[in-house]
1. Could you count how many residues in the range 189-215 are in contact with an Asp or Glu (Cβ under 6 Å, 6 or more places away or on another chain) and assigned to a loop (DSSP other than H, G, I, E, B)?
2. Starting from residues that are part of a loop (DSSP other than H, G, I, E, B) and under 12 Å from A73 (Cβ atoms), keep the ones in the range 107-123 and report whichever is most open to solvent (accessible area, probe 1.4 Å).
3. What are the pairs with Cβ atoms under 7 angstrom where one residue, in the range 206-233, is open to solvent by 60 Å² or more (accessible area, probe 1.4 Å) and the other, located anywhere, is basic (K, R)? Sequence gap at least six, or different chains.
4. Going by what's in this entry, would I97 be described as in contact with an Asp or Glu (Cβ under 7 Å, 6 or more places away or on another chain), at pLDDT 95 or above and crowded, with 17+ Cβ neighbours inside 10 Å?
5. Those residues that are at pLDDT 95 or above and in a helix (DSSP H, G or I), I need them from the range 139-150; list them, please.
6. Across the range 39-94, what is the total count of residues that are polar (S, T, N, Q) and open to solvent by 50 Å² or more (accessible area, probe 1.4 Å)?
7. Given the structure, is A153 aliphatic (A, V, I, L, M), farther than 16 Å from E209 by Cα, part of a helix (DSSP H, G or I) and modelled with pLDDT under 95?
8. Based on this model, can you work out whether R104 counts as surrounded by 15 or more Cβ atoms within 10 Å (Cβ to Cβ), modelled with pLDDT of 95 or more and more than 14 Å from the chain's Cα centre (by Cα)?
Amino acid sequence: MRRKLVAGNWKMNGSLVANAALLAEIKAGQAAPGLAAAPACDIAICAPAPYLAQCQAELAGSAIAWGAQDVSAHTAGAYTGEVAVSMLQDFACRYVIVGHSERRAYHAESDELVAQKALRALQAGVVPIVCVGETLAEREAGQTDAIVGRQLAAVLDVLDAADLARIVVAYEPVWAIGTGKTATPQMAQDVHLALRAKLAGKNPAAAAEVKILYGGSMKPDNAAELLAMPDIDGGLIGGAALKAVDFLAIVAAAR
């Protein structure tokens, strides 16, 4: 059985004061007797880069890992505004999100750039959470499998087969994020199954171990049903990660 992972993506939200309160609530909640006694799942917070030091200070020694929301494909140099993976290492980041739909859409990140970022993270021992997903137009055109397959293939092309078990994949149906439209659990499962088949083409044994998260507006009221699907191994949580009670409810569903 793959161990579930619930990763919160704060996006461009937060402040020192608000973060301290949120992290304290999450730490206290996940350690509460009822939840602590449940089977374990992995928990992570992916925060804006300026708050990684705060996450390290607040979460060190807890059961909660932390990570970044992006990383440069370059190791160092004249790349103003970028964050190198060595900088993430300085703050003991376990995870980094690469290829989020917002990065692809708003910053024109190509499949190849996302692949280089994933490779750079792996080379430094940081786990890349590789995001893939299709738009509404692409889904309505019946291109879902082709789009997510192409996005994942770019990453697989730069990895050794042995590295495959060291990544996490997140499927985010762009059309179901903040739009009021929803993917049914079976719709999500179908894409996750297709992604796992793509992984198996590179390394069948590793494909069975890779966590594939669902990133399409997972909330307390749909988490249990989604997480019951055989190939949904957790969630990449956006808005619900900013409210401790909602985030903890998803963690409880994963457990």
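1. Qualifying residue count, the range 189-215: 1.
2. Taking the candidates together, the pick is S110.
3. As it stands, the answer is E209/R2, since those pairs meet every condition given.
4. yes
5. The answer is T144, D145, A146, I147, V148, G149, R150.
6. The qualifying residues number 5.
7. So A153 fails the test.
8. yes
The values are calculated or read from the model by the stated rules, or taken from the named source; none is laboratory data. Fair warning: this is a prediction, and the values are worked out from it, not measured in the lab. So basically every Cβ, Gly included, is an ideal-geometry build from the backbone, and we count neighbours across all protein chains shown. Just the protein is used for accessible areas: all its heavy atoms, side chains included, with ligands, DNA and RNA removed. Shrake-Rupley method; radii C 1.70, N 1.55, O 1.52, S 1.80 Å.
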